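Notes to accompany the following structure.
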Amino acid sequence: MFHKGLNLNPTDLLRHLHPELIPSLDRLPEDRPVSLFTRHSLREQPANDFAGREVPLTATGVALARAWGQSLGRPITRLVSSPVERCRKTAEAMAEGAGVTLPLATDKLLVEPGSYVRDLTRAGPHFSQLGALAFACRHLREGIPGVLSPTRGARRILQRLYQQQPQPGELAVYVTHDTILAALIYCLLQQQNLDQSDWPWMMEGAFLWFDEAEVHWIWRGRRGHRNWRQLD
């Protein structure tokens with residue numbers, strides 16, 4: 001399963017994960033369907049620091065996704081990805097590591113424009129000027145032209161996850177991008193000021209599950225809940 005000669009031992013690979021990610025597995029409810037909303041795995045670093053759609057995973061990134069999929073401890077029964085290749089490859093490698101064969105669905109809600117960004121001509125210059133972190137902070141604090149409000153965008157995503165829940169004890173995996181994951185989780189946490197330490201790592205994700213109108217989550221070892229139907 002792991003390539004020989006690349007020093008891709010599973011134990012060493014898992015050290016690339018955020019340190020709170022694996023311990024969170026033991027805190028998941030065994031009797032609930034859970035969704036893992038995750039950033040893609042390790043990708044190549046472009047020279048201009050702007051990761052366009054064409055930037056692929058590294059060999060280590062593919063192997064890390066396999067190792068993480070193998071470590072999840074519950075069956076993956078739904079696999080959804082951003083249409084961008086590095087996200088699709090992450091999802092496929094996670095399924096391979098978990099030992100499951102599933103059709104991979106792609107969803108434009110997991111990429112921009114399509115999730116929060118509604119008008120790229122208005123939002124794009126702000127992203128280019130501010131960069132991802134400052135763009136996210138401004139979005140969470142005051143909004144950005146051409147971009148859905150944090151609460152409205154979060155509700156759209158959560159509605160999709162709620163409608164596509166797996167069976168109790170099963171796991172649905174959604175592979176997306178850092179900006180979308182950050183917008184969702186920090187909206188739920190009601191945190192408007194972020195620094196670099198808050199930014200999602202590659203292959204980091206939030207575990208989410210639903211109880212009537214409440215969405216519950218675990219992010220970096222922190223458990224929380226909120227009425228997602230009241231987000232507007």
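Tabulated results
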quantity: Some residue of the stretch 170-181 being of a type outside the set (S, T, N, Q), surrounded by fewer than 17 Cβ atoms within 10 Å (Cβ to Cβ) and more than 30 Å from Gly73 (Cβ to Cβ); calculated: no
quantity: Residues (part of a helix (DSSP H, G or I) and hydrophobic (A, V, I, L, M, F, W, C)) located in the stretch 185-231; calculated: Ile185, Cys187, Leu188, Trp228
quantity: Listing of helices (runs of 4 or more DSSP H) fully contained in the stretch 55-141 that carry 1 or more residues being in contact with a Pro (Cβ under 6 Å, 6 or more places away or on another chain), surrounded by 19 or more Cβ atoms within 10 Å (Cβ to Cβ) and touching a residue at least 24 places away in the same chain (Cβ under 8 Å); calculated: 59-71, 85-98, 132-141
quantity: Residue list for the stretch 142-158, filter: assigned to a helix (DSSP H, G or I) and without any contact (Cβ under 8 Å) to a residue 40 or more places away in the chain; calculated: Pro150, Gly153
quantity: Subset of the stretch 1-48 that is polar (S, T, N, Q) and modelled with pLDDT of 95 or more - its residue that is farthest from the chain's Cα centre (by Cα); calculated: Ser24
quantity: Test: residue in the stretch 185-192 that is touching a strand residue (DSSP E or B) at 6+ places or on another chain (Cβ under 8 Å), crowded, with 18+ Cβ neighbours inside 10 Å, closer than 25 Å to Pro103 by Cα and at pLDDT 95 or above; calculated: no
quantity: Where Ala213 falls short, out of the listed (1) modelled with pLDDT of 95 or more; (2) farther than 20 Å from Glu20 by Cα; calculated: (1)
quantity: Verdict on Leu181 being touching a Lys or Arg at 6+ places or on another chain (Cβ under 7 Å), in a helix (DSSP H, G or I) and either modelled with pLDDT of 95 or more or within 23 Å of Lys89 (Cα to Cα) (or both); calculated: yes
quantity: Residue count, the stretch 169-178 (criterion: part of a loop (DSSP other than H, G, I, E, B) and in contact with a helix residue (DSSP H, G or I) (Cβ under 9 Å, 6 or more places away or on another chain)); calculated: 1
quantity: Selection status of Gln164, in contact with a strand residue (DSSP E or B) (Cβ under 9 Å, 6 or more places away or on another chain) and more than 28 Å from Pro10 (Cα to Cα); calculated: yes
quantity: Cross-chain or 6+ apart pairs with Cβ under 8 Å, the stretch 1-24 first and within 22 Å of Glu92 (Cβ to Cβ), then modelled with pLDDT under 95 and of a type in the set (Lys, Arg); calculated: none
quantity: All positions within the stretch 86-96 that are of a type outside the set (D, E, K, R) and either at pLDDT below 95 or closer than 21 Å to Glu44 by Cβ (or both); calculated: Cys87, Thr90, Ala91, Ala93, Met94
quantity: In the stretch 174-232, the residues that are within 16 Å of Ala154 (Cβ to Cβ), without any contact (Cβ under 8 Å) to a residue 60 or more places away in the chain and among the hydroxyl-bearing types (Ser, Thr, Tyr); calculated: Tyr186
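The values are calculated or read from the model by the stated rules, or taken from the named source; none is laboratory data. Model, not experiment: these values are computed from the prediction. Every residue, glycine among them, receives a Cβ derived from its backbone with ideal geometry; neighbour counts consider all protein chains shown.
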